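Trainee: Here you go, one structure.
The values are calculated or read from the model by the stated rules, or taken from the named source; none is laboratory data. Remember, predicted model here, so these are calculated numbers, not experimental data. Heads up, the Cβs are rebuilt from the backbone with ideal geometry, glycines too, and the neighbour counts pull from every protein chain shown. Note: accessible area is taken over every heavy atom of the protein model, side chains too, but ligands, DNA and RNA are not part of it. Shrake-Rupley method; radii C 1.70, N 1.55, O 1.52, S 1.80 Å.
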Amino acid sequence: CGDCSGANNHVEHVRHVRRMQPGAANATCGPTRALEWGQVNFLHTTDTHGWLEGHLKDANYGADWGDFVSFTETLKNQADSKGADLLIIDTGDLHDGTGLSDTTDPNGAISMRIFERLKYDLLTIGNHELLLAEVAYQTFNEIAKFWGDKYLTSNVRIFNPAANKFEYMGKQYKYFTTKHGLRIIAFGMLFDMTRNTDVTKITKARDMVNQDWFQHAINSSKPVDMFLVLGHNPVRSSIGGTFGVIRDAIRQAHPQTPIQIFGGHTHIRDFAVLDDSSTALESGRYCETLGWVSMSGFNKSNSDWTGISPNPRGVPSPTRKATTNSSSPFRYSRRYLDWNRATFEFHAVGKQVDESGLSTTADITKYRDQLQLSRVYGCTPRDFCITCAPFNSPDSIFSLLSQALAEVVVNETRKDIPRYVIANTGGIRLDMYKGPFTYDDFFTIMPSRNSLLYIPEVACGKAATLLDELNSGGAGQEHKPMPFEFDLCVDPIVAPLTTRDGSSHVHAFKAVTRRQVVDLVPGYITTDDFGSDGDDTAHSPIPYHNIPQFYQGAAGFGVEGCTGVADVVFVDLAKRHVLTILGPDYSSSDVTDYISSNYTTHDFLPEFVRRSDIFQASMPDCISA
Ligand SMILES: Nc1nc2c(ncn2[C@@H]2O[C@H](COP(=O)(O)O)[C@@H](O)[C@H]2O)c(=O)[nH]1
Ligand SMILES: [Zn+2]
Ligand SMILES: [Zn+2]
């Protein structure tokens, strides 16, 4: 790999601060295997959460949306030349995750205009489109309108004031024929979400499959060669999970027809086999992963396939049966591509410069400058990670954030009263990297804006043990913490063909010779129902340590600890569990905002970065780096 000095490190406009691990100086990484092209092929994104700039501090995922636009233009051309179908799919959570999406009003006002440059074939909605009314209406009035019948929301409705009734956010389903003759019905399913804004309604999957429109769609006399089920749901859901319910319902009417599923929400790479003609792919998060599935097996007896059978010439083809003893004619492949220019370069040989990709990159730079996302507020002295170090160890982000809660979250009128301040670990969405801490980092690390509530002067006997009670089951395991990865970037092994203002984006793809991969760098290692060969780029493992649901800061206590009473401050998500644990002496009437109704979990880290010596002491070094 190149060294990091190649990046434009002027921190005022930091773009690509690359990270190298000691001993990895000559590490290289990148794909080495061509994709298996089938008769029908899919590219899948999910949980992009505004990461359209790519990962500025981790070039392992350093491609931006312009690179992705160029890549997909190339792959669509490749599909045409192979006589194969290629469909590009997204399964939601476009908001809440970076400054590009989160610093506008409403959230997404700029990032959606960038996202729309990608020529998706089908999309569906995520829960982050439904947390706030203004984002839900942006989704209804702009996103769904822009994509038209490609935006599938089979179980999500919104109150339309113009019609004075609830209407589907997008289309309930789509019946279409691909370029090469495959007749497809597609649905878009959200999990049985409960924390949606009250201007929206979600129909549970088990109720939706019994609705007349759905039964009519799956029992229609129109010929169907394949069902596509998009959904913002884990592909490996428990029995009765959304995808299992809809697959069972379709199988009632179509015992053998292929059902291809695309999931999301849990931010992991996964591939599940539901039966010998039904598989499901989940493709990570934050523009770190581009998912690929291909399948073959269509012929005149089971479809109206008109492409070049049995599979496109000159490339590997999918060979895996979904199940070992399958009698199904369908064969599959899946791959998780690291979102970087080396990967796009490797898989998209032969592309000329792509104007739409170039202009997309230019617009991202323009908007980032307008929003001042590279503005430096502090300097992170070393890496702090979410799960790669033991919880609350010196390298754990939670040891730092517990200190931030203790030092910053204080109601001035109550500053002499000791307090416990409890927040949820799931609100932390990314590791903190050594180097400039920018305005953008406030949103990539802590995008969520949860209220901080409190109950005054709780007896220490209950206050001092509340955190342990919450983490030991009082709060239940509502969410398995996301397996956050702490990756190392490496410079892609490509000479940038297009350079602008010191950063480099490659839009003209050309064949590159691949250096022998000599050292693996840390990254995703995925085992799924097809085994452990899904990751397009081989990586070394990243340490993973479980984390509890909640962490806390404590302030105002003497050396003897909690002896009388203490204020108990907690994130709104925990309210029900806190009241359950504290028992019948307490009720909702005892709970109010601790600082103010608009002070949220998004506010304490910026304040801590601005004033803490931890982030200010090494600022001069950061700026001059
Ligand atoms: N432990 C927690 N997990 C959470 C929380 N909020 C979400 N999640 C889980 O993370 C992924 C992604 O969710 P997203 O829709 O917010 O992108 C998913 O598995 C959620 O269950 C939380 O506060 N704590
Ligand atoms: Zn998400
Ligand atoms: Zn989600």
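Trainee: Do you know the relative contact order of segment 20-176, to the nearest whole percent, from alpha carbon pairs under 8 angstrom that are 6+ apart?
Mentor: This gives 19 percent for segment 20-176.
Trainee: Provide the per-residue ³J(HN,Hα) series for segment 269-286, in order, calculated from phi with Karplus coefficients 6.51, -1.76, 1.60 and θ = phi - 60°, each as a whole number of Hz, with x at glycine and proline positions.
Mentor: Values, residue by residue: 8, 7, 9, 10, 9, 9, 6, 6, 9, 8, 10, 9, 10, 10, 10, x, 7, 6 Hz.
Trainee: Name the lysines eligible as straight-distance cross-link partners of Lys462: C-alpha to C-alpha under 29 Å, and not fewer than 8 places from it in the same chain.
Mentor: Partners within reach: Lys415, Lys480, Lys575.
Trainee: Please get the size of the charge dipole for the chain, origin at its Cα centre, with Cβ charges of +1 on Lys and Arg and -1 on Asp and Glu, quoted in debye to the nearest 20.
Mentor: That gives the chain a dipole magnitude of about 1880 debye.
Trainee: By accessible area of protein heavy atoms, probe 1.4 Å, what ranking do Val199, Val229 get, highest first?
Mentor: Sorted descending by solvent-accessible area, the residues read Val199, Val229.
Trainee: Taking the full set of protein chains and a 1.4 angstrom probe, give the accessible area of Glu116 in square angstrom, rounded to the nearest 10.
Mentor: For Glu116, the solvent-accessible surface is approximately 30 Å².
Trainee: While we're looking at this one, here's another question. Cut-off under 14 Å on the C-alpha distance; same-chain residues fewer than 8 positions from Lys300 excluded. Which aspartates and glutamates are left, in chain and number order?
Mentor: Result set, ordered by chain and number: Asp225.
Trainee: Taking the square root of 5 times each eigenvalue of the Cα gyration tensor, what semi-axes in Å does the equivalent ellipsoid of segment 166-311 have, largest first?
Mentor: 26, 20, 14
Trainee: Please list Lys145, Lys300, Lys150 from largest to smallest accessible area, probe radius 1.4 Å, with all protein chains kept in place.
Mentor: Order by accessible area, largest first: Lys300, Lys145, Lys150.
Trainee: Accessible area, 1.4 Å probe, largest first: how do Asp416, Asp395, Asp93 sort?
Mentor: I get Asp416, Asp395, Asp93, largest accessible area first.
Trainee: Let me ask you something else. Note down the accessible area of Leu337, probe 1.4 Å, to the nearest 10 Å².
Mentor: The value for Leu337 is about 0 Å².
Trainee: Over segment 309-446, what is the relative contact order in whole percent, taking alpha-carbon pairs under 8 Å and six or more residues apart?
Mentor: 23
Trainee: Further question on the same structure: Please report, in whole Å, how far the alpha carbons of the chain spread along each principal axis, starting with the longest.
Mentor: The principal-axis extents, from largest down, are 79, 58, 49 Å.
Trainee: Right, something else. Determine the relative contact order of the chain: mean sequence separation of Cα pairs under 8 Å and six or more apart, normalised by residue count, in whole percent.
Mentor: This gives 20 percent for the chain.
Trainee: Farthest toward the dipole's positive end in the chain, which of Pro447, Leu405, Phe530, given Cβ charges of +1 (Lys, Arg) and -1 (Asp, Glu) about the Cα centre?
Mentor: Going by the Cα projections, it comes out as Phe530.
Trainee: In the full protein assembly as shown, how much of Ile417 is accessible to a 1.4 Å probe, in Å² to the nearest 10?
Mentor: Its heavy atoms expose roughly 40 Å² to the probe.
Trainee: Please give every one of the lysines within straight-line cross-link reach of Lys434, meaning a C-alpha to C-alpha distance under 19 Å, and leave out same-chain neighbours fewer than 8 residues apart.
Mentor: List returned: Lys57.
Trainee: Okay, moving on. So what is the calculated 222 nm ellipticity per residue for the chain, using -39500 (n - 2.57) for each DSSP H run with n of 4 or more, over all residues, to the nearest 500 deg cm²/dmol?
Mentor: Mean residue ellipticity, 222 nm, calculated: -5500 deg cm²/dmol.
Trainee: Something else: Assuming a strict under-13 Å limit between Cα atoms, what lysine pair count do you get for segment 100-174 once near-sequence pairs (fewer than 8 apart, same chain) are dropped?
Mentor: Taking the Cα cut-off of 13 Å, the pair count is 4.
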